[in-house]
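The values are calculated or read from the model by the stated rules, or taken from the named source; none is laboratory data. This structure is a prediction, so every number in the text was calculated from the model and none was measured. Don't worry about glycine lacking a Cβ; one is built from the backbone with ideal geometry, like all the others, and counts go over all protein chains shown. Keep in mind that these areas ignore ligands, DNA and RNA; they rest on the heavy atoms of the full protein, side chains included. Shrake-Rupley method; radii C 1.70, N 1.55, O 1.52, S 1.80 Å.
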Amino acid sequence: MTLFSANSSVQAACTNVHRPMGGIEGLREVHDDVGRLSVSAFPAAMIKDMSMTRAAVPACYVLADHCTAYIGETGNIGRRLSDHYRDQSKSFAREVYVISGYEGAWFDTTAALYLQYRLTKIAEQAGLVDIMKGANPQVLELPSHRRASLDIFVEHGERLLFDAGCRVLRSNFASQRRPVVEADAVGLDDAGPMQIGVVATPPVGSELELVYGDLWARGYPTPEGFVVLAGSEVRSTVNPSAPQIVDTRRDELMDAEALVAIPGVQDRQRLCVAVRFPSAAIAAKVVTGAHVDSSKWQPPRYPRPILIAA
């Protein structure tokens, strides 16, 4: 039964959703009876339970939460997802969508690379979520007949991903991307003085959160610059592309004993006092150790409730 009149001008399609483990939000295997692709969708927490033998196949995949996605490719999806599971920068992922061959021989690494490139472009053009990238997807030089076949994979893959619940490429909802906050306007020259141990009282509604992997940091703009609150985490590593001033600021924080170790954690330290930077941009660079800008400071997507007790 359908609620709408049939339209003979379009080609109807049917998708099968198999739940081999039962339940609702767990593993879903999505395919149709005429295509060569299958999409496996499951919570990121299930990665640790994958069969490494069965998952030793080429695939294109999507790691996603409500507002961010990472689109990758691999010759061994089990090994690659296991690596991501241990990677703190991928801890944002809540759902995993794996595009592979319904039969093993129907999908190879060339197909995985092609889908990664095309799906990344589609996702960026859709603008529904922020796309996290490692290395830029490769543009493959392929003969026209091979490209024509892989374009059909892209079309089928999009449909299967949507039916599996992925809203990275297409959605009937509005964009879930975080609004960009133009915080640079309140800052001064990045080389200006940094004040360590300031009294920090964010005005109501002014507090921003850092959006960089799973690094936890909070701050707010002031007329004199940008204050990073005590308790914020500072990434231990400084990227080679970061400006020299990042190392200078880090040395000042260490000399002032403003950074303390986090027990059991090696890749970050914690600010034990609030610090005022001359701009939001340099605050983001020092905290992340990367060449980033002020757009990394954004309104909290899920503000924490405040309990007021008498």
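Just a few scattered comments:
- Some residue of the stretch 176-196 being among the basic types (Lys, Arg), outside any loop (DSSP other than H, G, I, E, B) and either at pLDDT below 95 or under 24 Å from MET132 (Cα atoms) (or both): no
- Residues that are surrounded by 12 or more Cβ atoms within 10 Å (Cβ to Cβ), without any contact (Cβ under 8 Å) to a residue 60 or more places away in the chain and among the aliphatic types (A, V, I, L, M), drawn from the stretch 131-167: LEU140, LEU142, LEU150, ILE152, VAL154
- Residue within the stretch 272-285 that is in contact with a Pro (Cβ under 8 Å, 6 or more places away or on another chain) and not in a helix (DSSP H, G or I) present: yes
- Condition check for LEU119: closer than 24 Å to ALA174 by Cβ, touching a Cys at 6+ places or on another chain (Cβ under 9 Å), crowded, with 21+ Cβ neighbours inside 10 Å and at pLDDT 95 or above: yes
- Neighbours by Cβ (under 9 Å, 6+ apart or cross-chain): first from the stretch 49-76, over 20 Å from LEU27 (Cβ atoms) and polar (S, T, N, Q); second assigned to a strand (DSSP E or B) and open to solvent by 10 Å² or more (accessible area, probe 1.4 Å): THR68/ASP130; THR68/ILE131; THR68/MET132
- Out of LEU210, LEU259, LEU229, sole residue that is surrounded by 13 or more Cβ atoms within 10 Å (Cβ to Cβ) and without any contact (Cβ under 8 Å) to a residue 40 or more places away in the chain: LEU259
- ILE24, sole failed condition from (1) within 19 Å of GLU158 (Cβ to Cβ); (2) open to solvent by 70 Å² or more (accessible area, probe 1.4 Å); (3) among the β-branched types (Val, Ile, Thr): (1)
- Residue identified as in contact with a Phe, Trp or Tyr (Cβ under 7 Å, 6 or more places away or on another chain) and either open to solvent by less than 10 Å² (accessible area, probe 1.4 Å) or among the hydrophobic types (A, V, I, L, M, F, W, C) (or both) among ALA69, ALA44, ALA111: ALA111
- Any hit, the stretch 247-260, residues being part of a strand (DSSP E or B) and either farther than 26 Å from TYR70 by Cα or touching a His at 6+ places or on another chain (Cβ under 9 Å) (or both): yes
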